[in-house]
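Below you'll find the structure, written out as structure tokens, and then a few comments.
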Amino acid sequence: MNLQLINSFISIEEQQLNEEFLEQGYVIRPVDQPETLDELRHRIVEVACEHLQIEIPDDDDLFLNTLHQQVPVPKLNALRLFIYNRMNTEPWFRPTYFALGKSIVETLVGNELAMQNRVNLSIQMPKDDSSLLGMHSDILGAETPFEVVQWIPLVNTWDTKSIYILSPERNRDIWPQLKEITSQGGTDKLFEAVKDDLVWIPVKFGEVLIFSPIILHGNLINEIPETRWSLNVRFTGLFTPYLSEEKTVGGFYLPVTTKTVSRIGMNYQHPSGFED
């Protein structure tokens, strides 16, 4: 009798993904459904063209990369908010976005998840200093430490057209000094202290970046002569602790993959007379 015995609760591939995430603070993989990403990007292009009152282009990639040739910086945020609000009213938007990185998120976080209530949209034109997100850690904004960010570009990104992250090792070194450094000069002083240790993450269209927002990260002025478009959202375990009443399940996060047995357990009422 030839028995196939199993010695681990997770696969070799899952273990490798976990180890890579712990070492780097992030992982990059192809999206789970490339054709779905193509359609999602095209829908965003259609909404952008509606706002700009122009014809839908033949080449989505070219349109997105050269947006700065059609839209002046002062009008950029109005366009971004129009797309952001429209897309987040679509019932398919969040499930579709989740599906693009589902296998990685479920490996790293779990399969009972809460998802940020809206998917964020970032558009960063070349040389534009109005769309900067300075160095920060999401946990300092009262978000749960049990979360990841799913970041998907709608164009190829690299160097200053992408985002940077501090290595987990350097992050651990600098963390006890955060208060002292920022009190002396804010996030600019903090950036100067770690700028030589930052990792600029190249992510191609068709790939998904999953990273820990505990680690210091941000962006700089885009020096690449192309416009960056990216989407991001946070995922956490449904039953993990939350640090604030503002950013908890039912508000900042919404349940998305609650299992049947969990629903039964959450609705269970113990009969009277059996209490200890």
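For this structure, a couple of remarks:
A quick yes/no check of all residues on (1) surrounded by fewer than 18 Cβ atoms within 10 Å (Cβ to Cβ); (2) under 23 Å from Lys247 (Cα atoms); (3) among the aliphatic types (A, V, I, L, M):
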{"position": "Ile83", "(1), (2), (3)": "no, no, yes"}
{"position": "Arg118", "(1), (2), (3)": "yes, yes, no"}
{"position": "Gly141", "(1), (2), (3)": "yes, yes, no"}
{"position": "Arg172", "(1), (2), (3)": "yes, no, no"}
{"position": "Gly185", "(1), (2), (3)": "yes, no, no"}
{"position": "Asp196", "(1), (2), (3)": "yes, no, no"}
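- Qualifying residue in the range 231-254 (condition: of a type in the set (S, T, N, Q), closer than 27 Å to Ser130 by Cα, part of a loop (DSSP other than H, G, I, E, B) and in contact (Cβ under 8 Å) with a residue 40 or more places away in the chain): no
- Matching entry among Glu19, Glu55, Glu46, Glu35 (being at pLDDT 95 or above, among the charged types (D, E, K, R) and assigned to a loop (DSSP other than H, G, I, E, B)): Glu55
- Yes/no for Asn222 being within 29 Å of Met125 (Cα to Cα), surrounded by fewer than 21 Cβ atoms within 10 Å (Cβ to Cβ) and at pLDDT 95 or above: no
- Of the residues making up the range 90-136, those that are free of Cβ contacts under 8 Å to residues at least 60 places away in the same chain and within 15 Å of the chain's Cα centre (by Cα) are Phe93, Glu106.
- Condition met for Val148 (over 24 Å from Glu39 (Cα atoms), β-branched (Val, Ile, Thr), in contact (Cβ under 8 Å) with a residue 60 or more places away in the chain and in contact with a Leu (Cβ under 8 Å, 6 or more places away or on another chain)): yes
- Cβ-Cβ under 6 Å pairs, at least 6 apart or on other chains, the range 4-20 side closer than 22 Å to Ser212 by Cβ, far side modelled with pLDDT under 90 and in a loop (DSSP other than H, G, I, E, B): none
A quick yes/no check of all residues on (1) loosely packed, with under 14 Cβ neighbours inside 10 Å; (2) without any contact (Cβ under 8 Å) to a residue 60 or more places away in the chain; (3) among the aliphatic types (A, V, I, L, M):
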{"residue": "Gly25", "(1), (2), (3)": "no, no, no"}
{"residue": "Gln33", "(1), (2), (3)": "no, no, no"}
{"residue": "Leu37", "(1), (2), (3)": "no, no, yes"}
{"residue": "Ala48", "(1), (2), (3)": "no, yes, yes"}
{"residue": "His51", "(1), (2), (3)": "no, yes, no"}
{"residue": "Asp61", "(1), (2), (3)": "no, no, no"}
{"residue": "Pro72", "(1), (2), (3)": "yes, yes, no"}
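- Against the test of being in contact with a strand residue (DSSP E or B) (Cβ under 6 Å, 6 or more places away or on another chain), basic (Lys, Arg) and either in a loop (DSSP other than H, G, I, E, B) or at pLDDT 95 or above (or both), the options Arg86, Arg80, Arg94, Arg118 yield a single qualifying residue, Arg80.
- In the range 186-204, the residues that are of a type outside the set (A, V, I, L, M, F, W, C), in a helix (DSSP H, G or I) and at negative phi: Thr187, Asp188, Lys189, Glu192, Lys195, Asp196, Asp197
- The range 167-205, residues that are more than 20 Å from Thr157 (Cα to Cα) and among the aliphatic types (A, V, I, L, M): Ile174, Leu178, Ile181, Leu190, Ala193, Val194
The values are calculated or read from the model by the stated rules, or taken from the named source; none is laboratory data. Not measured: the values here are computed from a predicted model. Counting neighbours? That spans all protein chains shown, and the Cβs are built from the backbone with ideal geometry, glycine included.
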